[in-house]
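FYI, it's all coordinate maths here, none of it is from the lab. Bear in mind the structure is a predicted one, so any value in this text is a computation, not a measurement. Please note: Cβ atoms are built from the backbone with ideal geometry, for glycine as well, and neighbour counts cover all protein chains shown.
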Amino acid sequence: MIVARGLVKRFGSFTAVDGIDVEVRPGEAFGFLGPNGAGKSSTMRMIGCVSPPSGGTLRILGMDPRREGPAIRARLGVCPQLDNLDQELTVRENLTTYARFFGISRAVARARALELLEFVQLGERADSKVEPLSGGMKRRLTIARALVNEPDLVLLDEPTTGLDPQARHLVWERLFRLKQQGVTLVLTTHYMDEAEQLCDRLVVMDGGRIAAEGSPRALIERYSTREVVELRFQAESQEEYAGKLTGVAERIEVLPDRILLYVTDGDGALAEVHRRALAPASSLVRRSSLEDVFLHLTGRTLVD
Amino acid sequence: MVTALALPRLLRLPAAGRRAVSVTERNVVALKSSYWVVLISGFFEPVLYLLSIGVGVGKLVGDLTLPGGVVVTYAAFVAPAMLASSAMTGALAETTFNFFGKMKYLKLYEGFIATPVRPFELALGELAWAMVRGSVYSAAFLVVMVAMDLTTAPRALLAFPAAVLVGFAFGGLGMALSTFMRSWQDFDLMGSAQFALFLFSGTFVPPDGYPVAIRWLVEASPLYQAVVLIRGITLGSPGWSQVGATVYLLAATVLGLVVAGRRMTKLLCK
Ligand SMILES: Nc1ncnc2c1ncn2[C@@H]1O[C@H](COP(=O)(O)OP(=O)(O)OP(=O)(O)O)[C@@H](O)[C@H]1O
Ligand SMILES: [Mg+2]
């Protein structure tokens, strides 16, 4: 579906994407994970054939984006990071006029608009203007718009950022259904749970490069431990407690507000902490997640 | 899709045209009741000029003898220039203010180019839309001219496509200019330039009286060429100057579109 080799994007002298290799296979859900400015959107725009690569090779659906942009875009569905819906049109018209850009007949466009509005639960707002819709509704409309040409490959740049939990779960459920229909999904996200839920494979990007690649499970296994103990100490700095924790865990991360212990047996480690009479104000044992992978790889937390 | 792959060259042009039309179509869908107010004001402006200056000032000026020896009333002299400038105004309004707003503030086109529509096709579709608006003005104004006996019906029929061409030329140029605009302030400059064109392009006074250098400047202006074309049709017998003006306006249209297409690619496909 997508093959990128040494893909580079420069803006002037600034390199936003610094030679990445990516391969996305038909039918899979592929994720780009990374902090602000990692180069996720820049990569997505190159894949969407609206931003010419500055270097490397890129092939999408077996075609060359430089020469066959329109033919590729005809088979893509794109949900950009920022909604760019048509404010002068109604919800329904946003879908029908967009369909016309793909050369879809008016009758088919109308039918599909109806179907998609049901799909994203906006049926009741069909004839409302776009402007008064809530952020989550606009997002869902943008996703519906991306599906109007029945694409083979859907690009979603932070599809659920800014959605409340309920709306997010709705979107996840819809994306999952698409995947079951055999649509290939490529998405970017800041949310670890989203990546774990939706992605078969993902890459962690940082500073325009790929820091790690694999399935969520494999990444967690490789870069983290089975369990994590989170400790909060009532103190000016968590740092002073870190020294007293040596040997308790395979690895210790000290964050401004808490300490993370990477261990195989969380309860055992917590017992050891108490045995050392280090009374944390609060503690939590949880399973390790992509968040931990990210922290390990970049030394930073994802959500600023 | 299979045929599109098998016959890419054959299908490229019709597909591009179809996509341009779909952009025009979007504007038709977006047309809402409030827009008619804008349309109507655009129609009245040249009519008011025609009445106040063409007829009013015409009383003081009396009749004019054209270079060919034909004697015409001042109103009949001014009317084709008003037609040309209203075609200009209509096309510019759509391709400058509205176009700039859609591009810069509504971020509308960023959504469009994620589809098979290419920036050049987008420019073409927007220009075609601007022409719909310009043509409505022109047709209405020609009806007024015939009703006031400032030209004949057959000449008016011939002048209509000429006015559409004028709209295309200004629409193309306006769109190209808009892609260089940084903010709304830049449009004030353009407005002043447009007004200067309106006053001095042989609209109210034949440019024969100007000093040579200024005359050349005037004759190089697109509105002057537009006036020559339309005045030749509504008053005199069209000749080589009208052919020259037609070529000039066609070239301006193509130039405007190509520049606009290039610039939009640069601005949108970063
Ligand atoms: N058009 C542009 N001109 C100049 N620099 C740009 C442009 N677009 C992006 N950049 C820069 O490229 C870098 C990567 O940006 P990009 O939008 O790809 O990041 P991202 O991973 O999507 O981040 P976020 O999570 O904030 O969306 C940033 O430093 C950004 O400032
Ligand atoms: Mg981004």
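Eight or more residues apart or on different chains, and alpha-carbon atoms under 18 Å: count the Lys pairs in the stretch B:2-268 matching that.
4
Output needed: percent of Cα pairs per 10 Å distance bin for chain A, bins running from 0 to the one holding the longest distance.
In order of increasing distance, the bins hold 6, 24, 28, 21, 13, 6, 1, 0 percent.
Determine the distance separating the Cα centre of the stretch B:194-270 from the Cα centre of the stretch B:81-151; give it in Å without decimals.
17
Starting from the Cα gyration tensor of chain B, multiply each eigenvalue by 5, take the square root, and state the resulting semi-axes largest first in whole Å.
So the three semi-axes of chain B are 36, 19, 18 Å.
Once you place label points 7 Å from the Cα toward the Cβ at residue A:282 and residue B:60, how far apart are they in nm?
8.4
Given chain A, what count of lysine pairs have C-alpha atoms under 26 Å apart, with each pair 8 or more places apart or on different chains?
So the count works out to 5.
Based on alpha-carbon atoms only, what is the radius of gyration of the stretch A:1-87 relative to the globular estimate 2.2 N^0.38 Å?
Dividing the Cα Rg of the stretch A:1-87 by 2.2 N^0.38 Å gives 1.08.
Among B:131, A:137, which comes first, second and so on when ranked by fewest other beta-carbon atoms within 10 Å?
Listing B:131, A:137 from fewest to most nearby Cβ atoms yields A:137, B:131.
Please work out the ratio of the alpha-carbon Rg of the stretch B:190-270 to 2.2 N^0.38 Å and round it to two decimals.
For the stretch B:190-270, the normalised Cα radius of gyration is 1.33.
Share of antiparallel DSSP beta bridges in the protein assembly as shown, in percent to the nearest 5?
Around 65 percent antiparallel, to the nearest 5.
For the protein assembly as shown, I need the span (max minus min coordinate) of the C-alpha atoms along each principal axis, in Å, sorted largest to smallest.
113, 54, 45
Please give the length that would be gained between residue A:250 and residue A:264 if that part of the chain were fully extended, namely 0.36 nm times their separation in residues minus their C-alpha to C-alpha distance (nm, one decimal).
4.2 nm
May I ask you to list the chymotrypsin sites (Phe, Trp or Tyr not before Pro) in the stretch A:165-208 that are in a DSSP loop and have at most 14 other Cβ atoms within 10 Å of their Cβ?
none
Just to be sure I understand: with springs between alpha-carbon atoms less than 10 Å apart, which residue in A:143, A:104, A:220 has the highest mean-square fluctuation in the Gaussian network model of chain A?
Top of the fluctuation ranking is A:104.
Per residue, how big is the convex hull around the C-alpha atoms of the stretch A:156-304? Give it to me in cubic angstrom, could you?
Cα-based convex hull of the stretch A:156-304, divided per residue, equals 132 Å³.
Normalise the Cα radius of gyration of the stretch B:107-221 by 2.2 N^0.38 Å (N = residues in it) and let me know the number.
The value comes to 1.34.
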